[in-house]
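Structure first, commentary second.
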Amino acid sequence: MSSEVVSEVQVSLKELPMDSWMDHLPCALWDVPLRNLAIPGSHNAITYCLDRSDGSPVDLTQPDLLQKLDKYMKPLIRPFVYKWAVTQEATVKEQLDCGVRYLDLRIAHRPNDTSTDLYFYHGVYTTLTVETVLQEIRSWLDVHSREVVLLSFSHFLGLNQDLHTGLISTIRTIFNARLCPTTEVVTLRNLWSLGYQVIVSYEHSMVSLYSDLWPHIPYWWANKCKAEALIEEFEHRKQHGRPGGFFVTGINLTEDLKYICSHPTESLKDLVMSTYPALLSWVRGQSPGSESHSLNIIAGDFVSESHFVPTVIALNQHLVHCTGPCDVSRGN
């Protein structure tokens, strides 16, 4: 393929309408398994609505010292918690509109809450319930019938068996016939023909009881606060090969207490935005596919604030080059 054609493919993929980019992919990609496509994802997707009221406790995964300081020095401590807990400022609808198709959903039941309401959490709990957000996703899918989302439910905090059962029931009720069973061939053409739009992975043993729930999607987390160290970690992991199914490469940086204390006027967003140029430069050098070094889902923070999403989607140009003529029939 000539360099002129390669350039045209790259430009066209970057310039797809982000709210419906799957629907507008070249037909050569309709039969590629989704596990081999490059898919943009949102790390800790529902942190744009963290509860800022004094009545909301710090989540129970936080160190004991932080929980005690928050209890007795809340006006001083809370601003720091929020600055480093918010990973997304865009709503779930805005994230989907900008092209995100994988959502990292971390579920919690608030301590001392007598209701069965579930929330998201990161540092503190959210104001929006899980059911409310899932309904928003369903409403978005109603308008975008050719888009497919992957919803990863994990990091469960404070859920007993009954709450898990209730959450699974809520998921199945809201998405119903849109849930893709684990037995299906997961290509866009097949999903379109069958009306499936949602792949739910659920990090709990109960997943084995339901044919429409997928096992946990592995998430490569580097646990680094510097872009160079994160890139080095992922290059090392690539040498050992990619998982066979869906998997996530999280280019989200992780701050430690030493970093926070040495940067008292900064926030997680400051850290992320300062390192995105280096991280996206690395992403541009990656490729999707079935090869051992290939990537699949790539997740980041503040996904609507940079060129992250179109950069990930444009990686699929590598797969367009490897395919021949295609049948343009999409099914129903």
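Quick one: which residues, 5 or more positions from ILE297 or on another chain, have an amide H under 5 Å from its amide H? H modelled 1.01 Å from N in the peptide plane, none for Pro or chain starts. So ILE297 has HN proximity to ILE39, PHE247, THR249. Using C-alpha pairs under 8 Å with a sequence gap of at least 6, the mean separation divided by the residue count of segment 153-269 gives a relative contact order of 20 percent. A cut-off of 5 Å between modelled amide H atoms, ignoring neighbours fewer than 5 places along the same chain, links ILE107 with SER154, PHE156, LEU157.
DSSP beta bridges confined to the chain are antiparallel in about 25 percent of cases.
Looking at segment 81-211, the DSSP beta bridges with both ends there are about 30 percent antiparallel.
Of the solvent-accessible surface of the chain, computed with a 1.4 Å probe and all protein chains present, 53% belongs to carbon and sulfur. Based on Cα contacts under 8 Å between residues 6+ apart, segment 60-167 shows a relative contact order of 29 percent.
Comparing LEU280, LEU76, LEU179 in a Gaussian network model of the chain, where Cα atoms under 10 Å apart are tied by springs, the biggest mean-square fluctuation is seen for LEU76.
Pairs from the table (LYS93/LYS226; LYS14/LYS226; LYS68/LYS226; LYS83/LYS224; LYS71/LYS269) lying more than 22 angstrom apart at Cα are LYS93/LYS226; LYS14/LYS226; LYS68/LYS226; LYS71/LYS269. Scalar couplings 3J(HN,Hα) for segment 32-47, obtained by applying the Karplus form with A = 6.51, B = -1.76, C = 1.60 to θ = phi - 60°, are 7, x, 4, 5, 9, 8, 8, 10, x, x, 10, 6, 6, 5, 10, 10 Hz; x denotes Gly and Pro. Across segment 1-151, the fraction of Cα-Cα pairs farther apart than 28 Å, rounded to a whole number, is 36%. Within segment 26-68, the proportion of C-alpha pairs whose separation exceeds 16 Å stands at 65%. Excluding same-chain neighbours fewer than eight residues apart, the aspartates and glutamates reachable from LYS258 by a Cα-Cα span under 14 Å are GLU266. Counting only Cα atoms, segment 215-281 measures 43, 27, 17 Å along its principal axes, largest extent leading. The residues of segment 11-155 present an accessible area of 40 Å² per residue when probed at 1.4 Å with all protein chains retained.
Overall, the ratio between the Cα radius of gyration of segment 70-154 and 2.2 N^0.38 Å, rounded to two decimals, is 1.27. Taking every DSSP helix (H) stretch of at least 4 residues in the chain, weighting each as -39,500 (n - 2.57) and dividing the sum by the residue count yields a mean residue ellipticity at 222 nm of -11000 deg cm²/dmol.
Here segment 76-221 is treated as an ellipsoid with the same Cα gyration tensor; its semi-axes, largest first and in whole Å, are 26, 19, 14. Our summary gives the chain a relative contact order of 27 percent, counting only alpha carbon pairs under 8 angstrom and 6 or more residues apart. Here, segment 44-119 yields an orientationally averaged convex hull projection of 5.8 nm² when only Cα atoms define the hull. Put the Cα centre of segment 14-51 next to the Cα centre of segment 195-250 and the gap is 15 Å.
The values are calculated or read from the model by the stated rules, or taken from the named source; none is laboratory data. Computed from a prediction, not measured in an experiment: that's the story for all the values here. Ligands, DNA and RNA are stripped out before the accessible areas are found, and what is left, the full protein with its side chains, is counted by its heavy atoms. Shrake-Rupley method; radii C 1.70, N 1.55, O 1.52, S 1.80 Å.
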